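The values are calculated or read from the model by the stated rules, or taken from the named source; none is laboratory data. Note that the coordinates shown come from a computational prediction; the quantities given were computed from them, not determined experimentally. So basically every Cβ, Gly included, is an ideal-geometry build from the backbone, and we count neighbours across all protein chains shown. Surface accessibility is based on the protein's heavy atoms, side chains included, excluding ligands, DNA and RNA. Shrake-Rupley method; radii C 1.70, N 1.55, O 1.52, S 1.80 Å.
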Amino acid sequence: MSVFQIDFGDTPDTPPRVVGIDLGTTNSLVAFLDLTAPLVIPGTNGSPIVPSVVYFPTTGEPVVGAEAQEALLTDPVNTVYSAKRLMGRGAADVAGELALLPFAMAEGSESVIRLAVGGRQLTPPEISAYVLRQLKQNAEAFLNETITQAVITVPAYFNDAQRQATKDAGRIAGLEVLRLVNEPTAAALAYGLDKRRNGTIAVYDFGGGTFDISILKLEEGLFEVLATNGDTHLGGDDIDDLLLRIALEDVDTEWGRDLSNDHEAVQRLRRAVINAKHELSSLPAATITLDYQGREYRRSFPRDVFEKLITPLIDRTLAPCRACMADAGVTPEQIDEVVLVGGSTRIPLVRQAVRALFKSEPHTELNPDEVVALGAAVQAGILSGEVEDQLLLDVTPLSLGLETMGGVVTKLILRNSTIPASATEQFTTAVDGQRNVLIHVLQGEREMVRDCRSLARFDLKDIDPVMAGMARIEVRFLIDANGILNVSAKDLRTGKEQSVEIKPSYGLTDEQVEAMILESFDKAEADFNERQVREARVEADRILAAVDKAKQSDAWFDLPAEEQTAVDKAINELHLSYHGDDHVLIQSKMEALDLASRGLAENMMNSAVRNVLKGTKIV
Amino acid sequence: MRLWNLIYRMNALPADYFAVFGISPQLALDLPELQRQFYVLSKQHHPDRFARASADEQRYALDFTSLLNDAWRVFRDPVARAEYVLKLLGYDTADSRTNTVPAELLEEVFELNMALEEARDGDSGARKQVAEALTHFTALRQDLDVERDRIFAAYDAAPADTHLETLRSLLNRRRYIDNLVRDAQQALS
Ligand SMILES: Nc1ncnc2c1ncn2[C@@H]1O[C@H](COP(=O)(O)OP(=O)(O)OP(=O)(O)O)[C@@H](O)[C@H]1O
Ligand SMILES: [Mg+2]
């Protein structure tokens with residue numbers, strides 16, 4: 001770490017900056033909050049958009065972004081795109097679409113997909129981590145400081161496993177993910193920042209891989225999501241696949257050659273199809289062309305033919321919109337504004353469908369490519385305390401339930417509940433001396449286990465052996481502000497914490513993620529010391545504030561004078577060590593303050609007991 | 001215990017949903033006012049406000065806010081709220097989930113079931129009958145809601161167990177009618 005960097009803005013006293021990241025299926029961006037306005041950060045090529053493509057050459061370092069996109073044509077089997085569609089999924093989920101993807105799936109992909117690329121086996125979180133690392137680097141180069149904390153956006157309709165996979169990707173990339181925020185909600189944040197108005201808005205987010213609809217109420221800086229719905233497998237990619245299949249059939253009839261197993265040809269054709277799709281958003285017709293091995297294929301697509309083809313896909317966005325309005329308890333007339341997000345909303349037919357459904361002209365003034373990243377930066381500002389007058393209240397997109405007798409799912413937390421949300425359930429044993437109870441948790445709206453998505457199995461272990469039906473284990477299911485489930489259990493008979501072993505149905509275990517983090521741990525040594533100093537300072541701040549508070553209580557005045565002096569001395573020494581860059585010294589001064597303040601703590605504890613008896617709160 | 005950890009632990013979590021809002025258990029609630037309180041408390045306690053705080057404070061923010069959200073979700077729905085109060089006061093609502101037909105509805109339910117079956121077989125006359133039953137039961141449910149609010153007010157004015165008994169059987173009847181309305185609606189859609 002150079003001396004210069006310390007001089008530029010990265011002053012030791014400012015807490016680390018939090019960036020906002022839109023980790024998209026097709027495109028990813030990073031943004032930060034600059035004074036008051038969020039800004040997207042350009043990469044080395046000047047564009048803020050980093051295509052979510054990673055090329056794994058058989059030798060040498062992986063390549064991310066626009067450069068990797070070129071490798072799709074030259075080395076398709078080692079180039080991964082749209083990895084987001086594979087996040088939190090198993091082999092059976094993606095069997096259908098994998099046919100057109102050039103990269104191959106490895107063995108053992110039932111609960112976590114493993115791709116065989118560049119002579120290695122990689123999971124979707126590891127691949128996404130390369131994209132995140134690139135964004136982190138772009139931000140570090142632009143801001144001239146180390147970035148360790150981020151807000152990352154996810155589709156609102158992402159389930160638990162997909163969210164967890166995204167968080168894992170962040171950790172593998174060396175980022176502490178302070179919050180996962182839903183993409184449409186982030187867009188609303190960016191949008192509301194501009195307008196500062198009250199009302200009901202709908203955000204229609206149709207991107208590369210996913211579709212989301214969210215309806216929010218904006219009131220005095222509070223963004224309250226009323227309902228959300230969507231399809232995590234519906235986006236521009238599906239339009240591309242549709243056109244691609246048609247083009248492949250055409251070529252087959254014209255040339256008498258099935259190219260669908262020729263990865264290079266498929267990727268060339270895919271690019272031609274995407275170009276034509278983009279042109280059709282502004283032109284009445286476009287041509288798909290393929291020059292390959294001396295032969296040429298051309299097909300002109302008039303817009304009306306294109307529109308007819310994609311109508312079923314666009315119609316699939318409408319049912320979730322209607323369900324969302326019903327859940328939010330609003331009619332189209334009650335929606336004040338509709339905001340369009342995502343590249344696929346550039347398609348005129350999409351706009352037309354949205355206009356017809358919501359009976360109003362949708363807003364497009366914010367750049368649909370950037371708005372989600374900008375909103376993520378605003379949320380980052382909320383978390384870091386820079387933005388104080390805004391707050392997001394989001395919801396869980398899917399109901400959470402338990403498997404009960406006969407393969408039926410009993411709902412515990414209903415969809416569209418504001419998060420964090422919780423539910424408690426009591427469990428007992430069925431057999432004398434039973435030591436384990438297995439709980440199967442699912443997500444989804446349907447009645448039967450087979451129609452819902454298995455989230456995880458929780459094993460309540462080492463239960464006190466008692467007679468059947470006597471054990472009383474209370475399990476608390478808590479969906480946190482990231483939309484991720486946390487489970488804890490208590491033995492009501494003993495009052496003790498009950499151990500719970502989590503077996504996720506899809507995704508990586510904590511140990512696997514840790515191993516991946518270790519593997520990617522490199523050249524971070526210098527950053528590490530700096531980070532420890534910073535963390536020690538944050539801890540010191542908190543301690544000093546707490547002691548300050550304690551000094552205003554009666555307990556302080558009851559303290560013998562020499563103890564007061566000792567505490568003050570320890571405070572002073574901590575202050576002195578604070579501005580050095582020796583985290584060990586700061587730590588030891590904190591320990592000293594802890595020792596010096598034991599008597600004060602005891603006094604506080606005693607008066608706390610007195611106050612609790614009187615029914616008043618202390619702090 | 002360390003002084004600073006002590007400071008944060010002292011804020012015990014509210015014991016029940018009413019304590020979250022700092023009110024005593026009651027059945028009738030001023031929802032617009034409660035919603036304002038919900039927003040105020042959210043702004044104070046939401047985990048987003050504590051992302052940089054100690055682990056203890058983060059934990060408290062998460063636990064408090066989940067309780068707050070759970071409480072508001074239950075309170076805004078009068079039926080869920082009444083069930084919650086009954087449970088809080090030791091009335092077992094679990095056994096009330098049994099599907100015994102309220103005696104005074106026996107005859108009407110029997111007729112509706114017949115009509116539903118015929119309607120499923122495509123009898124258009126039966127459809128009309130189902131539609132009429134739907135109107136009837138919807139009105140009945142509305143009456144029950146008026147009655148429910150009356151019990152709410154009576155109990156809050158002078159808490160007596162008899163009110164709660166009446167309330168519990170009213171909720172049973174209402175739940176039953178709810179199911180009838182849902183079945184009729186399904187048959188007609
Ligand atoms: N002019 C256009 N006309 C039609 N489609 C477009 C146009 N521009 C971009 N797209 C499509 O938009 C998609 C990318 O949009 P966007 O960058 O918003 O998605 P993403 O954020 O990467 O995906 P997601 O949010 O689903 O994870 C691609 O499918 C792209 O082909
Ligand atoms: Mg997007």
Cross-link partners among lysines for A:Lys136, C-alpha distance below 25 Å, same-chain residues fewer than 8 apart left out?
A:Lys84, A:Lys167, A:Lys523
List, in the order given, every pair from A:Lys496/B:Lys43; A:Lys549/A:Lys569; A:Lys411/A:Lys496 whose Cα-Cα distance in the structure shown is over 21 Å.
A:Lys496/B:Lys43; A:Lys411/A:Lys496
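Taking all protein chains in place and a 1.4 Å probe, what share, in percent, of the accessible surface of chain A do carbon and sulfur account for? Working shown, then result.
Numbers: 13560 of 26760 Å².
Exposed carbon and sulfur together represent 51 percent of the surface.
Hey, with R₀ at 51 Å, roughly what FRET efficiency would B:Met114 and A:Ala430 work out to, going by the Cβ-Cβ distance, to 0.05?
Details: r = 41 Å, r/R0 = 0.80.
Computed FRET efficiency for B:Met114 and A:Ala430: 0.80.
Tell me the Kirkwood radius of chain B: reciprocal of the mean inverse pair distance over distinct alpha-carbon atoms, in Å.
Roughly 19.7 Å, rounded to one decimal.
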When we measure straight from the Cα of A:Lys277, which lysines land under 18 angstrom away, once same-chain ones fewer than 8 places off are left out?
A:Lys308
Running Debye on region A:319-433 with equal point scatterers at the Cα sites and no solvent, what base-10 log of I(q)/I(0) appears at q = 0.12, 0.13, 0.19 Å⁻¹?
-0.70, -0.79, -1.20
Per-residue Cβ counts within 10 Å, from other chains only, averaged over A:543-550: what number is that?
4
Positive dipole terminus of region B:2-76, leading residue within B:Gln35, B:Val20, B:Ala61 (C-beta point charges):
B:Ala61
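Sum -39500 (n - 2.57) across every DSSP H segment of at least 4 residues in chain A, then divide by the residue count to get the 222 nm mean residue ellipticity, nearest 500. If you can, show how the numbers build up before the last one.
On the way: 17 runs with 247 residues, N = 619.
Helices in chain A give a 222 nm mean residue ellipticity of -13000 deg cm²/dmol.
Rounding to the nearest 20 debye, state how big the charge dipole of chain A is about its Cα centre with +1 on each Lys and Arg Cβ and -1 on each Asp and Glu Cβ. Intermediate values should be presented prior to the final figure.
Details: 60 positive and 93 negative charges, 293 e Å.
Around 1400 debye, computed over chain A.
Based only on the alpha carbon positions, what is the Kirkwood hydrodynamic radius of region A:89-166, in angstrom? Intermediate results must be reported in sequence, preceding the final value.
Values: mean 1/r = 0.0690 Å⁻¹.
It works out to 14.5 Å.
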Protection proxy ranking, peptides B:56-62, A:221-227, average beta carbon neighbours within 10 Å, highest first
A:221-227, B:56-62
Starting at 0 and stepping by 10 Å, how many percent of the alpha carbon pairs of the protein assembly as shown end up in each bin?
2, 11, 19, 23, 20, 13, 7, 3, 1, 0
How many nm separate the modelled label positions at A:Met405 and A:Asp554, each set 7 Å beyond the Cα in the direction of the Cβ?
5.6 nm
In square angstrom to the nearest 100, the accessible surface buried at the A/B interface, both sides summed with a 1.4 Å probe, amounts to 3600 Å²
